[in-house]
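Reading through the structure tokens given below for one structure.
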Amino acid sequence: MKRTLIIALSIFAVSCSTQQAETLEEKQALLGTKEAELATLQGEIEALKEEISEMDTTSSEIATVVKVAELKQRSFSHYVELTGTVTSKENIMISAEAGGRILSVPAQEGQKVSKGQILVRIENEAVSNQLAEAKTAFELAETTYKKRKNLWDQNIGSEIEYLQAKSNFESTRSRYAQIKNQYENTMIKAPIDGTVDDIQVNEGEFVSMGMPIVRVVDLAKVEIEAELSEQYMSKIHKGDSVKVRIPALGVELTAPVTFVSQVINPDNRSFKVKVNLDNKGGRIKPNVLANLMINDYKNDTAIVVPSKVITKDLKGDFVYVVSSEEGELKAVKRYIQKGKSSGPDTEIQSGLEAGDRIITDGYNQVNNGEKVNVQ
């Protein structure tokens, strides 16, 4: 009756304290208190179980069925997981270099194109007329210059006539090249081999200089860009292998680090890393999210246990191992010092050694010193 009253008062006290905690700091402090109380209760429960097991001689002890694994030294690696974004190394938005009306759009979205292929034509009658005039003037000046030069080489004619013909020829040639370049700008051409991804104009529309016209991408080569905390600066280098996972596509592969920035971003204390990927099939699209698993620790002679078998009481972390005592197999609590955890495994720095048999199934059903039946 007295114990029941204490429990009831404890529940009432917890309820009152939870209601009184209103600010974030108060709730965080209350959470820490409750976690400490829970750890204390767990320790007391374990101690009571052990005491009951030792004192209860009225019933015959039945061995608990468990499964074990013998520990061996093996390689253990720890990875830092980053989220990055896939970008195309050749993703080009082409803008108009001349204004005018869209005369034609020979290309289509999704079309494979070659470098230099015309994608969009812009009509500019003034430039066309200027080009024709400049070409005529250049051809006349070229013919005149060649004739004057031929006569001058034969010491016929005056030097001033020869020099005037030469100057006129060079001047008209320069003007013709300049206008020809302006005319070339009325034709939007593919700057790379790739695929037309987006056409932002239609035939008949008017465009101005600098207006985005068409995007061309080449997805044969893509890269993943991510940022890593500065504490890992000495852990990663160009050429290191990383695991790449793209959840949306179900892609998992290994690729080398192709770039490690030497500059720390002062805003978030991180530095940039890049990984190039072959993407000849074009399956990986720009801007899709990707995960990078970067190896920052490795131990080739580690003792490793499944993380799930590690339990904690007031004294610390422990696992159950099977020990033979007086011809009987018993579960023995072994306190450990944990190292790093990676996935389902945890490295053990002390407390266990090769050859120990830890309980992997049934570990939550045994007490220290209890008989077990290994299957």
*Can you spot the aspartates and glutamates whose alpha carbon is less than 17 Å from K146's alpha carbon? Ignore those fewer than 8 places along the same chain.*
E159, E161, E170
*Which angle between 0 and 90 degrees, to the nearest 10, do you get for helix 159-184 versus the longest principal axis of the chain when only C-alpha atoms count?*
40
*Tell me, what ³J(HN,Hα) does each residue in the range 116-126 have, in order and in whole Hz, if you take phi through Karplus 6.51 cos²θ - 1.76 cosθ + 1.60 with θ = phi - 60° and put x for Gly and Pro?*
x, 5, 6, 9, 9, 10, 10, 7, 8, 4, 4
*Can you tell me the 0 to 90 degree angle between the C-alpha axis of helix 2-20 and the longest principal axis of the chain, rounded to 10?*
20
*When we measure straight from the Cα of K149, which lysines land under 23 angstrom away, once same-chain ones fewer than 8 places off are left out?*
K135, K166
_If R₀ is 45 angstrom, what is the calculated FRET efficiency for the pair S104 and L253, using the beta carbon separation as r and rounding to 0.05?_
0.60
*Correct option for P(r) over Cα pairs in 10 Å bins from 0, in percent [calculated from the coordinates] among [x] 4, 13, 13, 14, 14, 11, 9, 7, 5, 4, 3, 2, 1, 0; [y] 5, 25, 35, 25, 8, 1; [z] 4, 18, 22, 19, 14, 10, 6, 4, 2, 1, 0, 0*: [x]
_Quick one: 3J(HN,Hα) in Hz for the range 304-310, Karplus 6.51/-1.76/1.60 with θ = phi - 60°, rounded, Gly and Pro as x._
10, 10, x, 4, 5, 7, 7
*Given the pairs K189/K274; K34/K333; K67/K235; K238/K280; K243/K340; K49/K340, which span a C-alpha to C-alpha distance of over 28 angstrom in this model?*
K189/K274; K67/K235; K49/K340
*asked:* Between 0 and 90 degrees, rounded to the nearest ten: what's the tilt of helix 24-55 against the longest Cα principal axis of the chain?
replied: 40
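Relative to the Cα centre, what is the charge dipole magnitude of the chain, using +1 at the beta carbon of each Lys and Arg, -1 at the beta carbon of each Asp and Glu, and rounding to the nearest 20 debye?
Numbers: 46 positive and 54 negative charges, 289 e Å.
Computed about the Cα centre, the dipole is about 1380 debye.
Only the coordinates and a few stated rules stand behind these numbers; no lab work does. Everything quoted here is computed from the prediction, not taken from an experiment. All Cβ positions, glycine included, derive from the backbone under ideal geometry; neighbour counts span all protein chains shown.
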